[in-house]
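Taking it in order: structure first as structure tokens, then the write-up.
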Amino acid sequence: LGPGVVMELPMPRLDRLPGFEAQYAFWSARHWHPLVNGYSGYYPPEYVRAVIRTEGFPRRDTVEFARALGVRYVVVHRAYYQADEARALVSEMLDHPGLEYVTGLQAPSGDADLFTVSQSPRDP
């Protein structure tokens, strides 16, 4: 689908770092796109800000923040959520005018969903 920044969900919470960030960083060797997620054992202020500002995704403000970061792709790793949480998140993302469903895919974590983020604000 072309180059673009990737955001993998779930993002960690500040009280539960590093979450799945190490896996996401390792898996990025399959696509070589830049990640919002990352892992080095050090959390720079920009990363901490991204974790805080993406909590509650896909609220309107969180999608706008992702867009401002240049995020083009969002991957939802269903295995890292309770089944009902994954369904609710994907359903909310499907209804969001700033996100477009691309495909389901088989990620190293298992079933995942790929969305794109519109590059112009269309959110109500």
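The values are calculated or read from the model by the stated rules, or taken from the named source; none is laboratory data. This is a predicted model, so every value here is computed, not measured. Glycine also receives a Cβ, built like all others from the backbone with ideal geometry; neighbour counts cover every protein chain displayed. All accessible areas refer to the heavy atoms of the entire protein, side chains included, with ligands and DNA or RNA removed. Shrake-Rupley method; radii C 1.70, N 1.55, O 1.52, S 1.80 Å.
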### For Pro12: the one exception among (1) outside any helix (DSSP H, G or I); (2) surrounded by 14 or more Cβ atoms within 10 Å (Cβ to Cβ); (3) without any contact (Cβ under 8 Å) to a residue 24 or more places away in the chain; (4) not aromatic (Phe, Trp, Tyr)
(3)
### Task
Quick one: in the range 45-68, of everything that is assigned to a helix (DSSP H, G or I) and touching a strand residue (DSSP E or B) at 6+ places or on another chain (Cβ under 8 Å), which residue is surrounded by the fewest Cβ atoms within 10 Å (Cβ to Cβ)?
Arg67
### Query
Mind checking which residues of the range 69-124 are open to solvent by less than 60 Å² (accessible area, probe 1.4 Å), outside any strand (DSSP E or B) and among the acidic types (Asp, Glu)?
Asp123
#### Entry: Residue within the range 90-102 that is over 19 Å from Pro12 (Cβ atoms), touching a helix residue (DSSP H, G or I) at 6+ places or on another chain (Cβ under 7 Å) and aromatic (Phe, Trp, Tyr) present
yes
## Note on the structure
Among the residues of the range 34-44, the number that are of a type outside the set (A, V, I, L, M), within 13 Å of Val6 (Cβ to Cβ) and either open to solvent by 50 Å² or more (accessible area, probe 1.4 Å) or touching a Ser or Thr at 6+ places or on another chain (Cβ under 6 Å) (or both) is 1
